[in-house]
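The values are calculated or read from the model by the stated rules, or taken from the named source; none is laboratory data. Model, not experiment: these values are computed from the prediction. Virtual Cβ from ideal backbone geometry, glycine too; neighbours counted across all protein chains shown. For accessibility, only protein heavy atoms count, side chains too; no ligands or nucleic acids. Shrake-Rupley method; radii C 1.70, N 1.55, O 1.52, S 1.80 Å.
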Amino acid sequence: MDILPLPQPHSLTVFCGSGRSEPVAQVMAELALRGPLTILDGGNRFPAYHLIRLIRGRTPDPSAVLQHTFVRRAFTCYQMLVLLEGTPALSQPYILLDLLATFYDEQVLCRKSAA
């Protein structure tokens, strides 16, 4: 991890980027090698093949690491809301990819509050 600092326990770390998957995949691989990891993907950007290649290069048994790596996807803003509400507060890292991507859908009707 020469490029990015590893997130610390009980903290919130935010990465903003241009959409390149390399730095994000490196953080995911490092966290997955240390223990359970959950990825919440709202923009269908989970770099699965890249992550697997990185993990395979660091351990003789990548399947053991991948068994405690969980990916949950949301394709609509409603699914993202359910995903966030239903995610348990465990003491393990969570990575959110493209959190707001599902909220840009023009087909979703906006509710106006009555004033």
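Report whether or not PRO60 is open to solvent by 50 Å² or more (accessible area, probe 1.4 Å) and touching a His at 6+ places or on another chain (Cβ under 7 Å).
no
Condition first: of a type in the set (Val, Ile, Thr) and without any contact (Cβ under 8 Å) to a residue 60 or more places away in the chain. Now tell me which residues in the stretch 91-100 satisfy that. Outline the logic, then answer.
So in the stretch 91-100, the residues of a type in the set (Val, Ile, Thr) come out as 95.
Matches in the stretch 91-100: none.
Collect the residues in the stretch 42-52 that are closer than 16 Å to LEU31 by Cβ and either touching a residue at least 24 places away in the same chain (Cβ under 8 Å) or open to solvent by 100 Å² or more (accessible area, probe 1.4 Å) (or both), keeping them in residue-number order.
Result: PHE46, PRO47, HIS50, LEU51.
Which of the residues spanning the stretch 65-90 are in contact (Cβ under 8 Å) with a residue 12 or more places away in the chain, assigned to a loop (DSSP other than H, G, I, E, B) and loosely packed, with under 15 Cβ neighbours inside 10 Å?
HIS68, PHE75, THR76, THR87, LEU90 - these are the residues of the stretch 65-90 that are in contact (Cβ under 8 Å) with a residue 12 or more places away in the chain, assigned to a loop (DSSP other than H, G, I, E, B) and loosely packed, with under 15 Cβ neighbours inside 10 Å.
Quick check: anything in the stretch 91-104 open to solvent by less than 30 Å² (accessible area, probe 1.4 Å) and either part of a loop (DSSP other than H, G, I, E, B) or among the polar types (S, T, N, Q) (or both)?
Yes, the conditions are met somewhere in the stretch 91-104.
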